[in-house]
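Here is the structure we will look at, set down as structure tokens.
Derivation of every value follows stated rules applied to the coordinates shown; laboratory data play no part. These numbers come from a predicted model, not from an experiment. All Cβ positions, even for glycine, are placed from backbone atoms using ideal geometry, and neighbour counts span all protein chains on display.
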Amino acid sequence: MKNLLKFLPVAAIVALTGLLSLRAADAPKKPITVGFAQTGAESAWRTANTKSLKDEAAQRGINLKFSDGQSKQENQLAAVRSFIAQRVDAIVIAPIVETGWEPVLADAKKAKIPVVIMDRKVKVADDSLFTAFIGSDFYEEGRMAVEWLAKNAGGRVNIVELQGEPGSAAANDRKKAFADGLAKHPEFKMLDSQTGNFRRAEGKTVMEALLKKHGKNIQILYAHNDDMALGAIQAIEEAGLKPGKDILIVTIDAIKEAVQAVAAGKINCTVECNPLFGPKIYDTVEKILKGETVPKFSSNKDELFDSTNATAAVPTRQY
Ligand code: AHR
């Protein structure tokens with residue numbers, strides 16, 4: 001009995017320690033809080049992108065603080081500053097434009113909050129200001145579009161271009177890739193190039209103006225996204241012309257509506273740009289927060305849809 005009493009405090013400590021460590025393991029984990037500074041809601045692509053990030057966050061029990069930048073960089077900068085002040089665990093930014101991010105990224109780095117840049121790249125002198133970039137290769141998309149055109153233009157040469165948001169990586173890279181491609185095919189002529197801001201309504205009004213200015217000289221339309229191409233199609237039809245026949249249409253995104261338009265012969269080619277980044281973004285954020293190393297840059301491999309594969313692809317398009 002005397003011996004038993006001697007060992008009792010030790011036994012109690014062991015039991016208590018065991019109980020405490022069990023409690024720690026069983027205790028509900030604090031959910032991760034992520035601040036997401038989205039560009040806005042300029043296109044169907046963007047709507048699908050926002051939905052992917054919101055749905056995946058809900059599924060994983062991530063506390064998502066969402067900010068709609070309404071297509072203004074100053075709104076995005078204010079959102080990021082507010083995420084820093086709230087001490088979120090990580091920040092995701094879909095940058096409207098490439099430049100102007102250094103000060104706010106430096107603030108996030110100073111606060112030790114990892115930043116994942118999504119979709120469009122930023123131009124910064126020091127890449128250590130963000131932890132990872134996950135997006136698409138916009139230059140490659142533009143290259144695929146111009147190469148498709150070079151093989152399928154069938155003697156048509158006069159092009160008009162509808163550019164995306166000025167200053168955005170998506171517009172800059174898609175424009176540059178197309179221009180570089182055209183330089184290898186001097187038979188083509190760029191009649192005009194104007195912005196439609198990635199928006200359907202502007203795609204229509206700008207195309208109306210282009211049709212007034214150039215009339216039937218326009219043989220090819222290159223649009224930096226499907227929404228502008230779909231708006232332009234309305235303008236082309238209202239002008240009494242047949243989209244896809246009188247004017248060849250090459251575009252980017254491959255939203256379901258555009259792939260359907262390819263199947264219907266109104267768009268000739270759409271190059272995919274997949275917006276469903278939710279799973280990849282949060283896998284990356286979770287790894288970063290666990291202290292694991294993640295790739296600095298990763299981008300999706302995109303497909304191309306034309307009359308050869310669009311009809312078969314329509315039923316499985318997810319956005
Ligand atoms: O940054 C990706 C581009 O942004 C998409 O092509 C466009 O539709 C969107 O608004």
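Rounded, prolate or oblate: which fits the range 136-227 when a ≥ b ≥ c are the square roots of the eigenvalues of the alpha-carbon gyration tensor, with rounded for a/c under 1.5 and prolate only if a/b beats b/c?
oblate
Short version: what are the Cα gyration tensor semi-axes of the range 171-319, square root of 5 times each eigenvalue, largest first, in whole Å?
Working: eigenvalues 209, 65, 41 Å².
Result for the range 171-319: semi-axes of 32, 18, 14 Å.
In debye, nearest 20, what is the charge dipole magnitude of the chain about its Cα centre with +1 on Lys and Arg Cβ and -1 on Asp and Glu Cβ, if you could check?
Values: 43 positive and 39 negative charges, 224 e Å.
Dipole magnitude for the chain comes out near 1080 debye.
First obtain the Kirkwood hydrodynamic radius of the chain from its Cα pairs, then insert it into the Stokes-Einstein equation at 37 °C and 0.692 mPa s, and state the resulting D in µm² per second as a whole number.
Values: Rh = 21.7 Å.
Rounded, D is 152 µm²/s.
When the dipole is taken about the Cα centre of the range 81-233, and only Lys, Arg (+1) and Asp, Glu (-1) are charged at their Cβ, what size is it in debye, to the nearest 20? Before the final figure, lay out each step's value.
Details: 22 positive and 21 negative charges, 60 e Å.
Once rounded to the nearest 20, the dipole reads 280 debye.
Summarise the long-distance tail of P(r) for the range 237-319 by giving the % of C-alpha pairs beyond 23 Å. Numbers along the way, then the final one.
Details: 1362 of 3403 pairs.
Looking at the range 237-319, the distances longer than 23 Å represent 40 percent of pairs.
When averaged across all projection directions, what area in nm² does the alpha-carbon convex hull of the range 103-188 cover?
Details: hull surface 26.7 nm².
Taking a quarter of the hull surface, the average projection is 6.7 nm².
Considering only Cα-Cα distances, which of the following residue pairs are longer than 21 Å: Lys121/Lys176; Lys216/Lys242; Lys112/Lys287; Lys30/Lys287; Lys65/Lys123; Lys216/Lys256?
Working: Lys121/Lys176 15 Å; Lys216/Lys242 11 Å; Lys112/Lys287 15 Å; Lys30/Lys287 16 Å; Lys65/Lys123 25 Å; Lys216/Lys256 29 Å.
Table pairs above 21 Å Cα-Cα are Lys65/Lys123; Lys216/Lys256.
Based on DSSP H runs of at least 4 residues, each adding -39500 (n - 2.57), what is the mean residue ellipticity at 222 nm of the chain after dividing by all its residues, to the nearest 500 deg cm²/dmol? Working shown, then result.
Numbers: 11 runs with 146 residues, N = 319.
Estimated from H runs of four or more residues: -14500 deg cm²/dmol.
Summing Lys, Arg as +1 and Asp, Glu as -1, what charge do residues with Cβ under 14 Å from the Cβ of Thr39 carry, Thr39 excluded?
On the way: positive: Arg46, Lys72, Arg120, Lys121, Arg199; negative: Glu42, Asp68, Glu74, Glu98, Asp119, Glu165, Asp227.
Counting the neighbours of Thr39, the net charge comes to -2.
Ranking request for peptides 235-248, 258-271: highest mean number of other beta-carbon atoms within 10 Å first, then the rest in descending order.
Working: 235-248: 17.1, 258-271: 22.9.
Highest mean packing first, the order is 258-271, 235-248.
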